[in-house]
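The values are calculated or read from the model by the stated rules, or taken from the named source; none is laboratory data. Treat the numbers as computed from the prediction; the structure is a model and nothing was measured. Positions of Cβ are backbone-derived with ideal geometry, glycine not excepted, and every protein chain shown enters the neighbour counts.
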Amino acid sequence: MRPRRFIAPSAVVWLLFGAGYFLIPLIATFFFSMRHEATGRCCTLANYGVIIHDPSFWKNIKTSFIIAIETIVISLGLLIPTVYWVHLKVPRLRTVLGFLALVPFVVPPIILVVGLLEVFRPSTGTMHWLGDAIGLVPGLDSHSFYSQPYGFLAAAYVILAFPYVYFALDAGFRAIDIHTLTEASQSLGGTWRVTLLRVILPNIKTAALAGAFLTLAIVMGEFTIANLSAFHTFPIYIQQVNQDKLYAASAVSLLSFVITWAAMVSLLFFGRGRQVQVGGAR
């Protein structure tokens with residue numbers, strides 16, 4: 001017979017307290033969003049219909065999702081090989097990477113965006129040569145490249161997401177024996193690329209998904225950089241709706257919450273799989 005699990009009353013109290021802390025504001029926002037825009041009386045779903053049938057809603061949320069996916073791919077593509085190599089070959093650099101990962105917490109986003117706008121300005125910026133290089137590629141124009149949010153905002157959001165992705169990956173790499181996994185893979189004839197993609201990556205999938213979740217949440221809610229760089233993203237749309245329609249702003253906030261969580265669940269199911277565990281000799 002299996003022993004009966006006993007749940008302490010204090011644990012139940014704290015679970016109910018935590019559930020109430022998160023659910024009560026959402027429920028209050030839902031009832032507030034059901035008020036009529038003209039009369040202020042409850043209850044109607046007209047505000048949700050206004051938002052769903054607004055072309056700007058789908059346009060801006062699509063833009064933010066594309067930037068989020070782009071930021072996730074760039075962040076993971078840069079940091080997974082870097083953190084793996086540091087843990088495997090030069091563990092002393094972990095302190096340096098940890099210090100660099102704290103820099104985005106110290107630099108406010110408003111200072112970051114002003115500096116990036118000055119550095120990446122196509123004509124007079126410090127890196128104006130990058131605009132000239134882009135102009136040499138057939139079919140690309142430097143002005144149109146910098147006028148689109150998919151390049152500039154993605155670069156800025158990679159910096160913002162750097163601490164979250166790095167510390168998630170660092171915890172994931174510390175939880176596995178990368179030396180044993182690497183040696184086992186190479187003893188079977190695996191190259192560095194095969195070892196990283198087919199042995200290491202499946203074992204840090206949970207950490208990579210955690211970094212992806214945090215990055216998605218950051219991009220979908222970031223306002224300062226997008227506003228100062230004059231790009232129209234989903235947070236900018238929410239702010240514009242809040243200026244014109246009070247109750248519809250609550251509706252779009254709840255819709256953004258549902259859509260963001262749906263995207264996170266999709267990432268979770270996409271990343272499900274069995275891990276490869278290799279144990280060393282004891």
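Of all residues in region 209-256, exactly one satisfies the criterion of being more than 24 Å from I52 (Cβ to Cβ), without any contact (Cβ under 8 Å) to a residue 40 or more places away in the chain and among the hydrophobic types (A, V, I, L, M, F, W, C), namely A230. Could we say that L197 is modelled with pLDDT of 90 or more and closer than 28 Å to A68 by Cβ here? No: the conditions fail for L197. Scanning region 154-213 for residues that are among the charged types (D, E, K, R) and more than 26 Å from A263 (Cβ to Cβ) yields R174, D177, E183, R193, R198. Criterion first (of a type in the set (V, I, T) and surrounded by fewer than 19 Cβ atoms within 10 Å (Cβ to Cβ)) does T71 satisfy it? No, not satisfied. Taking every residue in region 22-44 that is within 17 Å of V258 (Cβ to Cβ) and pairing it with any residue that is part of a loop (DSSP other than H, G, I, E, B) and modelled with pLDDT under 80, at least 6 positions away or on another chain, the pairs with Cβ-Cβ distances below 7 Å are M34/C43; M34/T44. Being more than 25 Å from S256 (Cα to Cα) and in a helix (DSSP H, G or I): is that true of P81 here? Yes: the conditions hold for P81. Candidates are the residues of region 10-44 that are part of a helix (DSSP H, G or I) and of a type in the set (G, A, S); the one that is surrounded by the most Cβ atoms within 10 Å (Cβ to Cβ) is S33. The single residue among I110, I178 that is surrounded by 13 or more Cβ atoms within 10 Å (Cβ to Cβ) and modelled with pLDDT of 75 or more turns out to be I178.
Residues of region 167-193 that are over 20 Å from R94 (Cβ atoms) and among the aliphatic types (A, V, I, L, M): A184, L188. Flag: T233 matches the condition of being on the phi < 0 side of the Ramachandran plot and within 15 Å of the chain's Cα centre (by Cα). Taken over region 174-184, residues that are part of a helix (DSSP H, G or I) and touching a residue at least 24 places away in the same chain (Cβ under 8 Å) amount to 7.
The set of residues in region 219-242 that are closer than 20 Å to F257 by Cβ, in a loop (DSSP other than H, G, I, E, B) and of a type in the set (F, W, Y) contains only F223.
Residues in region 128-136 include none that are at pLDDT 90 or above and surrounded by 16 or more Cβ atoms within 10 Å (Cβ to Cβ).
Condition test on P55, is it at pLDDT below 90, farther than 26 Å from F234 by Cα and exposed (fewer than 15 other Cβ atoms within 10 Å of the Cβ)? Answer is no for this residue. Condition check: farther than 25 Å from P104 by Cβ, of a type in the set (V, I, T), surrounded by 15 or more Cβ atoms within 10 Å (Cβ to Cβ) and at pLDDT 85 or above. Does V276 satisfy that? No. Filtered by the rule that a residue be more than 19 Å from the chain's Cα centre (by Cα) and among the charged types (D, E, K, R), region 188-230 gives R193, R198.
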